[in-house]
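Asker: Have a look at this one before I ask anything.
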Amino acid sequence: MFQVEDGPCLNVLVAYFSHSGITRAVAQIIREKTCGVMYGVETRKIYSKRTIIEEAVQEMREGNLPPLKHSVPSMFSYDYGLVGGPVWENNIPAPLMTFLRDAEFKGKKVAPFCTHAGNAGTFLPDFGNQARNADHMDGLELPVQRNTLESIATVLTSWLAGLGLVKPLAGAAWQAFRIADPYSVHAEAALPSD
């Protein structure tokens, strides 16, 4: 839970699917900035690292979404859901589609985020169609191929501030945040592409 301005504490669920670790790193930054609770979407099926995208795309074409390893958390305890994943073949990956199918967002504020190497495809509009009964908030697409964690953290802070989930940081406050930010240690490390 965290304090927004001088208002009440809010609860944030940061749900994500990550294959290569990029989206997980982004979700961790979001969790740090919002004090949210993380939920990693995992499938029961163990995919081959070489063929996971092709297998998942085939499953979606056939309408066979993969079962998840863990139950989807109830949104009852959360005020906000921030849900993200990589863009695969211009779409939401099959495991995240299973999460969206099983989650009940009725009356909850939900915003998508996606990581990609140059094109978000139809991820954001498809998310809007799949997140049933949600009060949709602005999503974020993150081209991560040439960005560092520090530049991504800056974009995430702006996005989250726009959603009203964190206060925007500037000047001396930004410098103090950078010093205290555990991810600033890795600021020069570029992220690999999904």
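The values are calculated or read from the model by the stated rules, or taken from the named source; none is laboratory data. The model shown is predicted, which means the values in this text are computed figures rather than measured ones. Every residue, glycine among them, receives a Cβ derived from its backbone with ideal geometry; neighbour counts consider all protein chains shown. The area values use the complete protein model at the heavy-atom level, side chains included, leaving out ligands, DNA and RNA. Shrake-Rupley method; radii C 1.70, N 1.55, O 1.52, S 1.80 Å.
Asker: Which ones in segment 77-122 are among the β-branched types (Val, Ile, Thr) and more than 14 Å from residue 13 (Cα to Cα)?
Answerer: Hits for segment 77-122 are 87, 92, 98, 115, 122.
Asker: Which of the residues spanning segment 24-43 are of a type in the set (S, T, N, Q) and more than 13 Å from residue 12 (Cα to Cα)?
Answerer: Of everything in segment 24-43, just one residue is of a type in the set (S, T, N, Q) and more than 13 Å from residue 12 (Cα to Cα), namely 43.
Asker: Right, here's the next one. Any idea how many residues of segment 25-52 are among the hydroxyl-bearing types (Ser, Thr, Tyr), in a helix (DSSP H, G or I) and open to solvent by 20 Å² or more (accessible area, probe 1.4 Å)?
Answerer: Residues meeting the conditions: 0.
Asker: Inside segment 105-114, can you point out the residues that are modelled with pLDDT of 95 or more and more than 19 Å from residue 30 (Cβ to Cβ)?
Answerer: Once the filter is applied, which keeps residues that are modelled with pLDDT of 95 or more and more than 19 Å from residue 30 (Cβ to Cβ), segment 105-114 yields nothing.
Asker: Only one of (1) buried (at least 20 other Cβ atoms within 10 Å of the Cβ); (2) modelled with pLDDT under 90 is not met by residue 57, so which one is it?
Answerer: That leaves (1) as the condition not met.
Asker: What number of residues within segment 53-79 are part of a loop (DSSP other than H, G, I, E, B), touching a residue at least 60 places away in the same chain (Cβ under 8 Å) and touching a Lys or Arg at 6+ places or on another chain (Cβ under 7 Å)?
Answerer: 2
Asker: From the list 71, 151, 77, which one is surrounded by fewer than 17 Cβ atoms within 10 Å (Cβ to Cβ), under 22 Å from residue 43 (Cα atoms) and small (Gly, Ala, Ser)?
Answerer: 71
Asker: Give 158, 193 a once-over and let me know the one that is farther than 15 Å from residue 28 by Cβ, modelled with pLDDT under 90, of a type in the set (S, T, N, Q) and open to solvent by 20 Å² or more (accessible area, probe 1.4 Å).
Answerer: 193
Asker: Looking at segment 95-114, which of its residues are of a type in the set (Asp, Glu) and assigned to a helix (DSSP H, G or I)?
Answerer: 102
Asker: Are there any pairs with C-beta distances below 6 angstrom linking a residue in segment 124-143 that is under 11 Å from residue 109 (Cα atoms) to a residue that is open to solvent by 40 Å² or more (accessible area, probe 1.4 Å) and among the aromatic types (Phe, Trp, Tyr), with the two at least 6 apart or on different chains, and if so which?
Answerer: Correct list of pairs: empty, since none qualify.
Asker: Is segment 115-138 home to any residue that is in a helix (DSSP H, G or I) and within 13 Å of residue 30 (Cβ to Cβ)?
Answerer: Scanning segment 115-138, I find no residue that is in a helix (DSSP H, G or I) and within 13 Å of residue 30 (Cβ to Cβ), so the answer is no.
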